[in-house]
Amino acid sequence: MPKMSLSVRIDPNSGFCFGVIYAIQMAEDLLDEQGYLYCLGDIVHNDEEVQRLEARGLRIICHERLAELRNEAVLIRAHGEPPATYQMAMENNLTLIDASCPVVLKLQNRIKSSYDKKEKIFIYGKHGHAEVLGLLGQTSGNAVVFENLDELLGHELPENITLYSQTTKSTNSFYNIKNQLEGRGYQVNANDTICRQVSNRDKDLRRFAAQFDQIVFVSGTKSSNGKVLYQVCLETNPQTHFISNVAEIQPEWFGPGQSVGICGATSTPMWLMEQVRDRLLAL
């Protein structure tokens, strides 16, 4: 087969956000020191990166397993944890290495303070997501989590609503929900706690995706932020292909001499995007 001769570029703004960089750096330093490290939940929503770190000695555990551990060090990932996790760690003599993202910690504190003031708290986020469970824990499980406006309107709503959001949600959707509620006569105290490093990617990504014949979007399937950013790419450039690893690339997507942009989620490692680039250049 003749060579495709694709021209390929990686989006310089894609890849790990600072919260993930910080957590992985901490994990790598500790793995170098002690050869193994327990981590509560996937350190990042990217299977390829998790496998790389597991090969270096990272041991991913769930909360049930955490309850059985004694006298060990355990890493808390960037998504953060509810207060119950810290309580259990104290009881079981566990050392928590806290790599919670500063943006998430600030949000946890704000929700806790709203809860202490007896406000009715509603959190725009994904049910069961690690970050959301940490936020819910600040309210002893009393806040209401919802994924879209229809679900929210299915609840009996108070006149005064305190609105928060998971840090990786779309700012447009958040403000749309706020405006819709106000249009229905509710008083909304909206706390925009969306991470700017994530929300600014929306604009950067639109600019990037518009420049190429084809876009390859690289992300783990568990990444909430990956789902949002993939949609952004797809809206801008219908020739956008979602993959989680190099094996999923299909040569028939591309035509000879086409330009291809590679981008990814805040949980997509640069080394993985580089692998994708090398594979495309070899077509």
Given charges at Cβ of Lys, Arg, Asp, Glu: the chain dipole, positive-most of Tyr175, Asn13, Val218: Tyr175
Hey, could you get me the Stokes-Einstein D for the chain, Kirkwood radius over alpha-carbon pairs, 20 °C and 1.002 mPa s, rounded to whole µm² s⁻¹? 105
Give me the lysines in straight-line cross-link reach of Lys203: C-alpha distance below 27 Å, same-chain residues under 8 apart excluded. Lys106, Lys126, Lys169, Lys178, Lys222, Lys227
Under Karplus coefficients 6.51, -1.76 and 1.60, residue-wise ³J(HN,Hα) of the stretch 217-230 in Hz, glycine/proline x: 9, 10, 6, x, 6, 8, 7, 5, 5, x, 4, 4, 5, 4
If you put +1 on each Lys and Arg Cβ and -1 on each Asp and Glu Cβ, how big is the dipole of the chain around its Cα centre, in Debye rounded to 20? 620
Asp192-Glu248 FRET efficiency (beta carbon distance; Förster radius 35 Å; 0.05 resolution): 0.50
Which residue, Arg184, Arg59, Arg196, has the most motion in a Gaussian network model of the chain that connects Cα atoms within less than 10 Å? Arg184
Rounded to whole angstrom, the alpha-carbon centroid of the stretch 190-214 lies from that of the stretch 93-163 at a distance of 24
Using only the Cα atoms of the stretch 35-123, what are the Rg and Dmax in Å? 14.8, 46
In the stretch 153-261, the GluC sites (Glu not before Pro) that sit in a DSSP loop and have at most 16 other Cβ atoms within 10 Å of their own Cβ are Glu156, Glu159
In whole percent, how big is the carbon plus sulfur part of the accessible area of the stretch 47-100, probe 1.4 Å, protein atoms only? 49
Farthest toward positive dipole pole in the stretch 18-100 [+1 Lys/Arg, -1 Asp/Glu at C-beta], among Asn93, Tyr36, Ile24: Asn93
Computed over the stretch 127-204, the Cα gyration tensor eigenvalues, each multiplied by 5 and square-rooted, give semi-axes in Å (largest first) of 20, 17, 10
About its Cα centre, what dipole magnitude does the stretch 137-283 give when the only charges are +1 on Lys and Arg Cβ and -1 on Asp and Glu Cβ, stated in debye to the nearest 20? 360
Go through the stretch 187-197 residue by residue and turn each phi into a ³J(HN,Hα) via Karplus (6.51, -1.76, 1.60, θ = phi - 60°); whole Hz please, and just put x for glycine and proline. 8, 10, 9, 8, 10, 7, 10, 7, 5, 5, 5
Only four residue types carry charge here, +1 at the Cβ of Lys and Arg and -1 at the Cβ of Asp and Glu. Report the dipole size of the stretch 76-137 about the Cα centre in Debye, rounded to the nearest 20. 320
Share of Cα-Cα pairs in the stretch 84-218 beyond 26 Å, whole percent, is 32
Keeping every protein chain present and rolling a 1.4 Å probe, give me the accessible area per residue for the chain in Å². 46
Leaving out ligands, DNA and RNA, and with a 1.4 Å probe, what % of the accessible surface on the stretch 218-283 is carbon or sulfur? 55
What is the set of long-range amide H partners of Phe242 at a cut-off below 5 Å, with H atoms built 1.01 Å from backbone N? Phe217
GNM result for the chain, Cα springs below 10 Å: residue of Gly154, Gly264, Gly15 fluctuating most strongly: Gly154
Using a probe of 1.4 angstrom, how much of the accessible area of the stretch 103-194 is carbon and sulfur, in percent? 43
Would you mind calculating the relative contact order of the chain from Cα pairs under 8 angstrom and at least 6 residues apart, reporting the percent as a whole number? 25
With θ taken as phi - 60° and the coefficients 6.51, -1.76 and 1.60, list the Karplus ³J(HN,Hα) couplings across the stretch 118-135 in order, rounded to whole Hz; mark glycine and proline as x. 6, 6, 8, 9, 10, 10, 7, x, 8, 4, x, 5, 3, 5, 5, 4, x, 6
Among the aspartates and glutamates, which have Cα under 20 Å from the Cα of Lys112 when same-chain residues fewer than 8 positions away are ignored? Glu81, Asp98, Glu131, Asp192
Summing -39500 (n - 2.57) over every DSSP H run of at least 4 residues in the chain and dividing by its residue count gives a helix-only mean residue ellipticity at 222 nm, to the nearest 500 deg cm²/dmol, of -13000 deg cm²/dmol
Amide H within-cut-off set for Ile60, under 5 Å, with H built and near neighbours excluded: Cys39
Between Ile76 and residues 5 or more places away or on another chain, which pairs have amide H atoms under 5 Å apart, with H built 1.01 Å from N, and which residues are they? Ile97, Asp98, Ala99
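The values are calculated or read from the model by the stated rules, or taken from the named source; none is laboratory data. All of these numbers come straight from a predicted model, not from anything done at the bench. Here the Cβ is made from the backbone with ideal geometry for all residues, glycine too, and neighbour counts use every protein chain on show. Areas reflect the complete protein model, heavy atoms only, side chains present, ligands, DNA and RNA absent. Shrake-Rupley method; radii C 1.70, N 1.55, O 1.52, S 1.80 Å.
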